[in-house]
Amino acid sequence: MPVTPDQPAPYAPSSAIIELVERHRNKGLPTPVDADVLARAGISGSLIPRTLQAMQTLDLIDADGKPSQVLEGIRLAPEAEYLPRLGEWLAGAYGDALQFVDPATDDETRIRDAFRNYKPVGQQSRMVTLFIGLFKAAGITPIKAAVGSTRPKLAPVRTRTRPINKSSVQPPPPKTNGAVSFDGSLPPALSGLLASLPTHGQGWTKAEREAFMTTFGVVLDFCFPPGVVTAPQVTVEGDDEPDA
C-alpha cells in the first residue's frame with residue numbers, strides 16, 4: 001500500500017528494512033514474517049513493532065506476513081537490475097510524497113516539508129530519515145542544504161597579485177579531518193553511497209555495517225559490471241618501419 005497522510009507512515013530505521021530485504025534476497029525469510037522472525041534476524045525488540053508496520057506499509061509483506069510480489073520481484077532481480085528494482089519499489093511506495101519532492105535534487109529541508117502532513121506527527125523526523133536512507137540504498141542521494149545560503153553576497157574585492165612561480169607551488173596536504181570527499185569522477189550511485197560513511201570518530205552498528213557492505217558490493221557491480229578487461233596494445237616507435 002502507498003504511504004499517504006491518511007494512515008500512519010513508516011518510521012523504522014532504514015538499515016533494518018534494507019537488511020531484511022537483503023536477507024530475503026540472499027537467504028529467504030521464513031513465512032510468515034512476524035515478530036519472532038525479525039527477532040531471529042537481529043532486529044532489536046524495541047524496533048520490531050515499527051519495523052513490521054513499515055514492511056507492511058511499504059508493501060514488502062501483506063497483513064498475514066507473507067512476502068509481497070514486490071519483495072519477491074526484488075529477490076529474483078538480477079544483480080544488474082537490483083538498484084533499478086529498488087527504485088521502482090520506492091517510487092510506488094512513496095508516490096504521494098514524490099509528487100512534491102525529488103530525492104535526487106531536493107535538499108533535506110524540502111524533503112522534511114513534504115512529510116509535515118503525515119502521521120504520527122511526533123515521528124516525522126524518523127519518516128524523513130527512513131525515506132532518505134532507502135533512496136540512498138537505491139543509489140539516489142539528496143543534496144545537502146546550503147549553509148548560510150540566506151546571507152547576502154558581497155562584492156568581490158579586487159587585489160593586486162604577484163606572478164606565481166609554478167615550480168615553487170606545493171600541492172595541498174591531504175585532508176585529515178576524517179571526512180570522505182570525492183572529485184565527482186565516480187558514478188552518482190557509488191559516490192552517494194560512499195558519502196554515507198560515518199566520519200572519523202563516529203561509529204555504526206554491526207547491522208548498519210553489514211547492510212553497507214552488502215549494498216556496496218551491489219552498487220559497485222552495478223556501476224562497474226564484472227568482465228574481462230583487455231590490456232591496451234602498446235606501439236613502440238619504429239616497429240612499423242620496414243626492415244632495411
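The values are calculated or read from the model by the stated rules, or taken from the named source; none is laboratory data. Being a predicted model, the structure only gives us computed values, none of them experimental. All Cβ positions, even for glycine, are placed from backbone atoms using ideal geometry, and neighbour counts span all protein chains on display.
Structural remarks
- Residues (part of a helix (DSSP H, G or I), out of contact with any Phe, Trp or Tyr (no Cβ under 7 Å at 6 or more places or on another chain) and either crowded, with 16+ Cβ neighbours inside 10 Å or aromatic (F, W, Y) (or both)) located in segment 109-126: R110, R112
Residue-wise test of (1) crowded, with 20+ Cβ neighbours inside 10 Å; (2) of a type in the set (K, R); (3) over 23 Å from Q123 (Cβ atoms).
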| position | (1), (2), (3) |
| --- | --- |
| V3 | yes, no, no |
| D6 | no, no, no |
| A12 | yes, no, no |
| G28 | no, no, yes |
| L47 | no, no, no |
| T51 | yes, no, no |
| L60 | yes, no, no |
| Q69 | no, no, yes |
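- Residue in segment 205-228 that is modelled with the lowest pLDDT, counting only those that are within 19 Å of A16 (Cα to Cα) and in contact with a Leu (Cβ under 9 Å, 6 or more places away or on another chain): V219
- Considering T129, T105, the condition of being in contact (Cβ under 8 Å) with a residue 24 or more places away in the chain and either over 18 Å from Q53 (Cα atoms) or in a loop (DSSP other than H, G, I, E, B) (or both) is satisfied by T105 alone.
- Some residue of segment 142-162 being surrounded by 10 or more Cβ atoms within 10 Å (Cβ to Cβ), modelled with pLDDT under 95 and in a helix (DSSP H, G or I): no
- Taken over segment 74-90, the criterion of being surrounded by 14 or more Cβ atoms within 10 Å (Cβ to Cβ) and over 15 Å from K136 (Cβ atoms) is satisfied by I74, R75, A77, E81, R85, E88.
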